[in-house]
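The values are calculated or read from the model by the stated rules, or taken from the named source; none is laboratory data. This is a predicted model, so every value here is computed, not measured. Here the Cβ positions follow ideal geometry from the backbone for every residue, glycine too, while neighbour counts run over all protein chains shown. For accessibility, only protein heavy atoms count, side chains too; no ligands or nucleic acids. Shrake-Rupley method; radii C 1.70, N 1.55, O 1.52, S 1.80 Å.
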Amino acid sequence: VIKPAERKRYASRRFARRFDRLRRYQHSRRSVVRRIGELRRVEGARVVELGAGTGVLTQEICREAPRWVAAFDRAPRMIELARENLQRRGHHACSFARADHRHVPLRSGCADLVVAAWALDSVIYDSDEATWRSELDRVVGEMRRLLARGGVAMIIGSPYGGRDHVGHLERVHGFSRRLFKTVWRFPSRRIARSAVTLFFRRAVWRDYRRHWPKDLVTLAGLWWKAC
Ligand SMILES: C[S@@+](CC[C@H](N)C(=O)[O-])C[C@H]1O[C@@H](n2cnc3c(N)ncnc32)[C@H](O)[C@@H]1O
């Protein structure tokens, strides 16, 4: 869970670089994309990614040979770096543009797969208690609008949190869930500390620091719904 103070930092190039560097220590990120592919074939698919950040997962999606990927994020510095990352690796079937999850500038029914990975915390936690559900509904509504018949919406993220987004996705929107482990592996204690305090709560570092250099294993959820 990214803390509010961290959110503002998405606006800085320096933060984007740090995020990008540390994000790559999620050792299992390729298997995240394999899990997506188990539910909807990525090869040949038209893919929209919401909150793509610096494109770390986008790169893995591109390796699966989709027809095209249209990736969005609201933070310009993250998009800049994502474009550089994808161009450097020769993934030309991918475009990045600035957009909020709730207003994606694409026509209805254009995609086979719409994915948002670790990107909805702002929607769930920046809104107040009375409105977070309706904000999440707007995101789900936008995902469904983008999907062609038979397309699949996928939300990946933490199953934990102070608000019952899991119950909301499953009970109100009919999403199905799969839980899976993610593995983080750090080459030094200093890097471990930077990454864990950036991507998780400080309490996680206080617990994990005694166990480094063992892998950090976390639980993630993949919620999906065919439209
Ligand atoms: C934790 S990062 C995850 C990035 C990427 N999905 C990954 O797994 O590496 C969350 C990203 O979502 C973006 N984001 C958060 N709320 C957003 C919103 N309402 N609309 C668009 N992008 C958003 C942030 O700018 C950030 O780049």
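Observations on the structure shown:
- Residue identified as touching a residue at least 12 places away in the same chain (Cβ under 8 Å), within 15 Å of the chain's Cα centre (by Cα) and open to solvent by less than 80 Å² (accessible area, probe 1.4 Å) among Phe186, Phe175, Phe200: Phe200
- Candidates in segment 186-227 are the residues that are touching a Leu at 6+ places or on another chain (Cβ under 8 Å) and part of a loop (DSSP other than H, G, I, E, B); of these, the one that is nearest to Gly174 (Cα to Cα) is Cys227.
- The set of residues in segment 41-88 being assigned to a helix (DSSP H, G or I), touching a residue at least 60 places away in the same chain (Cβ under 8 Å) and open to solvent by 10 Å² or more (accessible area, probe 1.4 Å) consists of Leu57, Pro76, Arg77, Glu80.
- Within segment 55-71, the residues that satisfy the criterion of being out of contact with any Phe, Trp or Tyr (no Cβ under 6 Å at 6 or more places or on another chain) and within 11 Å of the ligand (Cβ to nearest atom) are Gly55, Val56, Leu57, Thr58, Gln59, Glu60, Ile61.
- For segment 10-40, residues that are touching a Phe, Trp or Tyr at 6+ places or on another chain (Cβ under 7 Å) and either modelled with pLDDT under 95 or not in a helix (DSSP H, G or I) (or both) total 3.
- Positions within segment 97-112 being assigned to a strand (DSSP E or B) and away from the ligand (no atom under 11 Å from the Cβ), in sequence order: Ala111, Asp112
- Screening Val166 on (1) away from the ligand (no atom under 16 Å from the Cβ); (2) assigned to a strand (DSSP E or B); (3) surrounded by 17 or more Cβ atoms within 10 Å (Cβ to Cβ) shows it passes everything except condition (2).
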